[in-house]
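No lab work stands behind these numbers, since they all come straight from the coordinates. Everything numeric here is computed off the predicted structure, so don't read it as measured data. Neighbour counts are summed over all protein chains in view; Cβ atoms, including those assigned to glycine, are modelled from backbone coordinates with ideal geometry.
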Amino acid sequence: MADYIYLIPLLPLMGFLLLFTTLGNLPKALVALVGVGSVASSAMLVLLTALEFMTLREPLSTTLYTWINVGGFSPFVSFYVDGLTLTMLSVITGVGLLIHIYSSLFMLDDKDYSRFFSYMNLFVFAMLVLVLADNLLLLFVGWEGVGLCSYLLVGFWHEDSANGAAARKAFIVTRVGDTAMAIGMFLLFAHLGTLDFAPMTAAAISQWPEGSPILTIACLLLLGGAVGKSAQLPLQTWLPDAMAGPTPVSALIHAATMVTAGVYLIARTHDLFLLSPFALNTVAVIGAATLLMAAFTAITQHDIKRILAYSTISQIGYMFLALGVGAWASSIFHLMTHAFFKALLFLAAGAVIYSLHHEHNIFKMGGLRKKLPVAFWSFLIGSAALAALPFTSGFYSKDAILLSAYENAWQGPLLWGIGLLGALLTSIYSFRLVFIVFFGEVKTEPSQPAGWLMAAPLLVLCLLALVGGFIVIPVMDVFPAATGPAHDGLIAIITPAVPIVGVVIAYLIFLSHSIDISPWTDSKIGKALNRFWFSHWAMDWLYDTFIVKPYAWMAHVNRMDIVDWFYNFTADVVRFLHDQTTQSQTGQLRTYAGVMVLGLAAITAIALFSGGGTAP
Amino acid sequence: MTMILIMLTLFIGGLAAWMIEGWNRDLPRWISIASITLAALLLVPLLDAPVEMLPLAHGVSAPWLEYINVPWIPRFGISFVFAIDGLSLLLVALTIFLGFVAVLSSWSEIEKRPGFFQFNLMWTLAGVVGVFVSLDLFLFFFFWEVMLIPMYLLIAIWGHEKKSYAAMKFFLFTQVSGLIMLVAILALVLVHYSQSGVLTFNYFDLLGHSIDPDLAFWMMCGFFVAFVVKLPGFPFHSWLPDAHTQAPTAASVLLAGILLKTGAYGLIRFTVPLFPDAAAEISTLAMSLGAIGILYGALLAFGQSDFKRLVAYSSVSHMGFVLVGVFAWTELSIQGSVMQMVAHGFSTAALFMIAGALQHRLHTRNMNEMGGLWQEAPRMGAIAMFFIVASLGMPGLGNFVGEFLILLGAFAVNKWITILATLGLVTGAMYALMSLQKVFQGERDHPKKNGGISMPDFGMREMIAMIPMMIGLIYIGVYPQPVFDLVNPVLASLYELTGTNNKIWVGVLP
């Protein structure tokens, strides 16, 4: 029945192979056809899978072959589709398809058009493998694969070394998390003997009591992988730099899909986390801390894409918070709505950048409302959803998360409070962006707006960002039934009201200028705080000073290999002795005779005295 | 017979290439290609040869595809014991394939004495094949020396600016460690003689004898040092960067691709099975050396600006995984080590070939003088990217399967060393991506860079060498099972052999 599932990832892979091996020798129209067509076909197959899933109402699975079978370790290449996977598949192929269509115009003037689509197709393939995998090792294949594609696409314009540096940073920082995740897999395998999700979960439940230390360590190691990939504290520093990639890449990889892989991983292994309250609380704390830190930073940025990047970090923080308080479905729901509105925001930002000749600074923009109406409305709707204004998609998902946080047994009101403060900041920074870029006086004259290939995906995403909150995701059977947030009267009113307050504040400060914040921002403390937030709490500086520079210094100082000195030293000593002894070889007979006599005398003397006089 | 024929083909092919040099300077390389092709064809029937079970010791039998035992110097118990099993077959096949790559990579590079060059190349190959199939310790030692001398000549005659230093260093390291092994071999044979009254160098006879633990420890060390120097393991690695950097491309390909594997092979075939208890005693030390090598090699690689030196240090790092895997001695980790040997053979040989091609075109190995070469040489860039990505352990390619199984197996034995070794995933990515950036990405039009030299892309000959290696890495990354099936019976028998008389090996979770 489900034997076509393997085609879902295979088609983008074939697209990649075709585009990559031809090395840019295909005409652009054909490249676009292959690049977009492969993802479109996958999306069709996902639709088919969804229909089958809805009729059967049970998970589908298919096994292709045994990947490895040695020494009791036998991971299969097999795919598994349940409600969670199906949701992810829909987001990846659906939003992915829209972004591919958009890119076919956005990237048209690029000389490496074909290379771009080959990497994008490879990314879609890897991401699909990640969510389809039915064991942790196969998931890791996709996991590393998306990391590679992220590296390739961030550094897509590799002539500029800065892009290459950003790409390397993205890869290496996430690799730190991946290393933790790999160690987590070793630990799980050593104790449970399998990495297949279902048997692994069953073994963990039967083998470990709740709160078992080894399980907690394993969960924390998996969490390490998740925070790397999803740009959460303390590994979030790569994401803002990753904005060096083309804007569709930021939309697809660094907003809608790859960065949510960490959320997916924890959701997929939620049975393990449920056994370890400590690990689960850690997830919540990381989410809460990250969402607040990134929100503060977003307020101070002036690069349009970096604002969105910090906003992504912050929103994924909400997803982690939801995971940590056990609101699994709400987390995945927010993942989906975030994919809609954040992809929309990035693509709209791309349209703005496209029309302003690669201008990124929001203070050089202004009054674009009339000139770029599609971008404006997209931004307005996207920002409303991001700020969780009532009846947008983001409202339903974020509201559910905050109410669940309040109900959490461990530190519920505190987590709720942090989330609420984050929500206030979110609506301030998102409408700060809208007011500065689209209202006020025109600062840079835009060229003509983008064509329909770019506008159409924006319109579809606008629709989804508006009404996506009404989609019911089929994850009821995947997660344990939630008790559902009880709607405590006052809490249920405050929670949705806060974002509206934020919009009003943003209006008063950035549009009507009725509140003058310059006394605060120009004060000494205000400036320092601004600089601190702008640098994202000096985290890059910390890593640079304490890890990157010492490592580079060590590599530089030891580039001649200190171990080699030992061998060279030995050789030098031998050579020195050789030179010394050579000098004694004078060729003069009388010297030799003299030395011989002296030696003989010395030996005789030693024999006489050491033997105590008892000579033979 | 197959093994002898293969070696004869290579020996005679080498001689013929040398002889014909005075008559025609283009013919030697064709003779090499012909003899390598013939050797490869001779190997084909072994792929589905019937398996013969021969007893090793302690009632454990091992499956052999071919076994020959002809007396050579009967007075000292020395015979021609040539035997091949799945492990040897895999490594011989790798040798012959990389020999082919080496000839192609030196196609137009060698102008001085092309016939003598091919002679040395062929004799190195024959020596390596001999090492992989000799199971008489004297014969093994003989081939161990045979592969050394022509390699020394390759570096000393056709090397780059510091060739004498590098060749002498290579020779001394290998020679001194080889002599230590010879002492250990003689000691083992004499101890066996004093116990049983039979003077023999035959591996099968020497296996499974109980030796006084102190004596066994020192003998084991003799074997261990020789093989770890060759591997090369920390802190015996420092001959490798010089040898690699100075060697002509073909010699680098052979050095990295197969000569290093003889060290790993020796550990798996001789050190552990002959002295299981003594090897178990130093397993923690050896695994630590492996893990240190992984991180130290990566750190050194990160500090280099010479592309060949960087790849050389990356070999130190990658072979560190093999050392960890062998001395963890679990089924998973040994299988991983063998897989890592094959994958590293492909990926590093290819990277050395790329380095050689760059040097041939740009007359420099300094990465700071390169940059942005992708534009002019996209095929080369894409292929370099492929092998760099493979060498940093991307899932779906062979190196990942090897490294993952090593670490997965080793974790059950010693979790802290394994964690240390796993950090190599990060450090490996650092130098690998840096080299890709410095050579192929970045600005091309920098005035100081490349000196305006035009940069021809890979041609047909180079693609013929590269494409099979790429397919090979994808194949063993996506569907490694045939390789496992080939090698597993061998490793299972060795594992059983050492497991039966030693419980220390059995992995227990701490």
FRET efficiency, 1/(1 + (r/R0)^6) with R0 30 Å, evaluated for residue A:583 and residue A:560 via beta carbons: 0.45
Computed lengthening from residue B:142 to residue B:109, 0.36 nm per intervening residue step minus Cα-Cα distance: 8.8 nm
Segment A:527-616 - Kirkwood radius from inverse mean 1/r over Cα pairs (Å): 20.3 Å
Fewest-first sequence of B:443, A:52 by Cβ atoms within 10 Å of each Cβ: B:443, A:52
Cα-based helix-to-principal-axis angle, A:7-21 vs chain A, degrees rounded to 10: 60 degrees
Sites residue B:467 and residue A:110, calculated FRET efficiency, Cβ-Cβ separation with R0 35 Å, nearest 0.05: 0.80
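Give me the net charge for the shell around residue A:152: Cβ to Cβ below 12 angstrom, other residues only, Lys and Arg +1, Asp and Glu -1.
Spelling it out: positives minus negatives among the neighbours equals +1.
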For segment B:188-239, fraction of C-alpha pairs farther apart than 12 Å, in %: 69 percent
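Between residue B:215 and residue A:603, what FRET efficiency follows from the Cβ-Cβ distance if R0 is 41 Å, with the result rounded to 0.05?
About 0.65, to the nearest 0.05.
For the protein assembly as shown, what does the helix formula give at 222 nm: sum of -39500 (n - 2.57) over DSSP H segments with n ≥ 4, over the residue count, nearest 500 deg cm²/dmol?
Result for the protein assembly as shown, helices only: -23000 deg cm²/dmol.
In whole Å, what three semi-axes, largest first, describe the equivalent ellipsoid of segment A:137-234 built from its Cα gyration tensor (square root of 5 times each eigenvalue)?
Each semi-axis is √(5λ); the values are 33, 13, 8 Å.
Give the peptides A:209-222, A:416-429, A:101-114 in descending order of average Cβ contacts within 10 Å, highest first.
Highest-to-lowest ranking by the protection proxy: A:416-429, A:101-114, A:209-222.
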Stretch gain in nm, segment residue A:207-residue A:590, where the contour uses 0.36 nm per residue and the Cα spacing is subtracted: 129.0 nm
Simple label model, 7 Å out from Cα along Cβ direction - residue A:456 to residue B:149, nm: 7.5 nm
In nm, spacing of pseudo-spin labels at residue A:162 and residue A:377 (7 Å Cα→C-beta vector): 3.5 nm
Exposed-loop-free span, longest in chain B, where trypsin sites (Lys or Arg not before Pro) count as exposed if DSSP calls them loop and at most 16 other C-beta atoms lie within 10 Å: B:163-447
Cut-off 12 Å between beta-carbons: net charge of the residues surrounding residue B:301, Lys and Arg +1, Asp and Glu -1: +1
Under 5 Å, built H, 5+ apart or other chain: amide partners of residue B:306: B:367
Alpha-carbon spread of chain A, three principal axes, descending order, Å: 116, 60, 57
10 Å Cβ neighbours from other chains, averaged over peptide B:226-235: 1
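Can you compute the equivalent ellipsoid semi-axes for segment A:489-560, i.e. the square root of 5 times each eigenvalue of the Cα gyration tensor, sorted largest first and rounded to whole Å?
Taking √(5λ) for each eigenvalue gives 43, 19, 9 Å, largest first.
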Kirkwood Rh and Cα Rg combined as Rg/Rh, segment A:1-124: 1.06
Surrounding net charge for residue A:63, when Lys and Arg each add one and Asp and Glu each subtract one, Cβ distance under 15 Å: -3
For the protein assembly as shown: span of alpha carbons on each principal axis (Å, largest first): 115, 70, 66
Cα-based Kirkwood hydrodynamic radius, segment A:290-425, one decimal, Å: 15.3 Å
